[in-house]
Amino acid sequence: MESLEKVLATVNSVIIGKSTEVSLVLAGILSRGHLLLEDVPGTGKTTLCKVLAKSLGCSFKRIQFTPDLMPSDIIGLSIYDKGKEAFVFQPGPVMSQFVLADEINRASPKTQAALLEAMAEKQVTIDGKTFPLPDPFIVVATQNPIEYEGTYPLPEAQLDRFTLKVSLGYPEESDENEIVQLTGSHDPSDKVKKVMKAGEISIMQAEIDKIFLSDPLRNYIVKLAGATRTHSDLILGVSSRAAQHLYRVAKSRAYLASRNYVLPDDIKSMVKAVFSHRIVLRPEARLKGKNEITVIEEIINQVFVPVVPVDRD
């Protein structure tokens, strides 16, 4: 846990005033998940990814998604080597431990699918040969929520592959003052140093798997997921994959809090980030001023929260 505390301290020293969001992102990574950062430009999404990758000791690649980006630009391709008289695989940037897919919704659906297949299978296939991806393998994709011209929004089936959706949002005035004061000629991530080894992530993930989550709390997760499928304001509720992801990130949050058991608050604090990009509102609900977050808040308030003992060793 000491190394995780150092990671959080390092990231929070660069990403000012966003400790809650940073903890969400780290919980998603520890749950073996991939993340979607949706926010307006200039809020620190790319910087957050670079700082996290460095502090976690992961190899890092950034892919700028554009309309002309091809699947081979992501996963790699086989090139004929005259000397060897054979095709040789040239790995693409996806063969890295931490991959930033910047503005993912600017690429064509075919190119998006190439990355999302790698996310799901943890491998890529080129000319009939399968190549495993490194461990850990973390994808953080970014997209702009308001600029739709020249974009290809991710369909629901692809959005479902992302464990969490997180928005950093604009900083508070006091935090922005500090950000402006720190402005210099160098990238703020340049000063960040590795504080743990990438291999430690797998060890922590194994420890998180052992964290206790009671039967009533597991049933609570199932009921939250089920409530999205019957809510009158929703066309589409969440999948069973969403319930699985909520189960895992609740354990990750407990781990970050130095507990070996999950509390209801661990689940409640993660529901919005896990469910918000997976549900689809009815048009009439938006006309009434509702959005994904307000509907999820209604569901959280409606579903009975079980009482569980907290005196576990």
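With closer than 24 Å to V7 by Cβ and under 20 Å from the mean Cα position of the chain (by Cα) as the only criterion, which of I203, I211 stands out? If you could, list the steps in order and put the result at the bottom.
On the way: I211 fails: under 20 Å from the mean Cα position of the chain (by Cα).
Only one candidate passes the filter, namely I203.
Just give me the residues in segment 248-260 being more than 17 Å from L159 (Cβ to Cβ) and either part of a helix (DSSP H, G or I) or not hydrophobic (A, V, I, L, M, F, W, C) (or both), in sequence order. If you could, list the steps in order and put the result at the bottom.
Of the residues in segment 248-260, the ones more than 17 Å from L159 (Cβ to Cβ) are 248, 250-260.
Once the filter is applied, which keeps residues that are more than 17 Å from L159 (Cβ to Cβ) and either part of a helix (DSSP H, G or I) or not hydrophobic (A, V, I, L, M, F, W, C) (or both), segment 248-260 yields R248, A250, K251, S252, R253, A254, Y255, L256, S258, R259, N260.
Of A227, A250, which residue is crowded, with 21+ Cβ neighbours inside 10 Å and either modelled with pLDDT of 95 or more or within 21 Å of the chain's Cα centre (by Cα) (or both)? Walk me through how you get there before you give the answer.
Values: A227 fails: crowded, with 21+ Cβ neighbours inside 10 Å.
Going through A227, A250 in turn, the sole match is A250.
Given the condition farther than 15 Å from A27 by Cα, out of contact with any Asp or Glu (no Cβ under 9 Å at 6 or more places or on another chain), among the aromatic types (F, W, Y) and buried (at least 21 other Cβ atoms within 10 Å of the Cβ), answer yes or no: does some residue in segment 292-310 qualify?
Looking for residues that are farther than 15 Å from A27 by Cα, out of contact with any Asp or Glu (no Cβ under 9 Å at 6 or more places or on another chain), among the aromatic types (F, W, Y) and buried (at least 21 other Cβ atoms within 10 Å of the Cβ), one finds none in segment 292-310, hence no.
Which is among the hydroxyl-bearing types (S, T, Y) and touching an Asp or Glu at 6+ places or on another chain (Cβ under 7 Å), of S108, S78?
Of the residues listed, the single one that is among the hydroxyl-bearing types (S, T, Y) and touching an Asp or Glu at 6+ places or on another chain (Cβ under 7 Å) is S78.
Residues that are under 30 Å from A107 (Cβ atoms) and of a type outside the set (A, V, I, L, M, F, W, C): does segment 221-231 have at least one?
Checked segment 221-231: at least one residue is under 30 Å from A107 (Cβ atoms) and of a type outside the set (A, V, I, L, M, F, W, C).
State whether the residues of segment 293-300 include one that is in the same structural domain as K223 (by TED's automatic domain parsing), under 21 Å from the mean Cα position of the chain (by Cα) and either outside any helix (DSSP H, G or I) or of a type in the set (K, R) (or both).
Checking segment 293-300: not a single residue is in the same structural domain as K223 (by TED's automatic domain parsing), under 21 Å from the mean Cα position of the chain (by Cα) and either outside any helix (DSSP H, G or I) or of a type in the set (K, R) (or both).
Of everything in segment 180-224, what is in a helix (DSSP H, G or I) and among the polar types (S, T, N, Q)? Give them in sequence order.
First, pick out the residues of segment 180-224 that are in a helix (DSSP H, G or I): 180-181, 188-191, 199-209, 215-224.
Selection gives Q181, S189, S202, Q205, N219.
Is it the case that some residue within segment 154-166 is within 21 Å of K50 (Cα to Cα), part of a loop (DSSP other than H, G, I, E, B), modelled with pLDDT of 85 or more and of a type in the set (D, E)? Break it down stepwise before answering.
Of segment 154-166, the ones within 21 Å of K50 (Cα to Cα) are 162-166.
Right, trim to part of a loop (DSSP other than H, G, I, E, B) and you get 162-163.
Adding the requirement that they be modelled with pLDDT of 85 or more leaves 162-163.
Subsequent filtering for residues that are of a type in the set (D, E) retains none.
Scanning segment 154-166, I find no residue that is within 21 Å of K50 (Cα to Cα), part of a loop (DSSP other than H, G, I, E, B), modelled with pLDDT of 85 or more and of a type in the set (D, E), so the answer is no.
Please report, ordered by residue number, the strands (runs of 3 or more DSSP E) entirely within segment 54-113 with at least 3 residues that are crowded, with 16+ Cβ neighbours inside 10 Å. I'd like the intermediate steps shown before the answer.
On the way: elements: 60-64, 76-81, 86-91, 98-102.
Hits in segment 54-113: 60-64, 98-102.
Against the conditions (1) in a helix (DSSP H, G or I); (2) in contact (Cβ under 8 Å) with a residue 12 or more places away in the chain, where does I235 fall short? Just the number, please.
The number of the failed condition is (1).
If I go through segment 1-53 residue by residue, how many of them are assigned to a loop (DSSP other than H, G, I, E, B), farther than 17 Å from I138 by Cα and either among the hydrophobic types (A, V, I, L, M, F, W, C) or in contact with a strand residue (DSSP E or B) (Cβ under 7 Å, 6 or more places away or on another chain) (or both)? Write out each step before concluding.
Residues of segment 1-53 assigned to a loop (DSSP other than H, G, I, E, B): 1, 15-18, 31-34, 39-44.
Checking which are farther than 17 Å from I138 by Cα leaves us with 1, 15-18, 39-44.
Next, from what is left, pick out any that are either among the hydrophobic types (A, V, I, L, M, F, W, C) or in contact with a strand residue (DSSP E or B) (Cβ under 7 Å, 6 or more places away or on another chain) (or both): 1, 15-16, 40.
Total satisfying the criteria: 4.
H245 - would you say it is under 23 Å from L36 (Cα atoms), outside any helix (DSSP H, G or I) and under 16 Å from the mean Cα position of the chain (by Cα)? Before the answer, list the steps.
Details: under 23 Å from L36 (Cα atoms): yes; outside any helix (DSSP H, G or I): no; under 16 Å from the mean Cα position of the chain (by Cα): yes.
Answer is no for this residue.
The values are calculated or read from the model by the stated rules, or taken from the named source; none is laboratory data. These numbers were taken from a predicted model, which means no experiment stands behind them. Backbone-built Cβ (ideal geometry, glycine too); neighbour counts: all protein chains shown.
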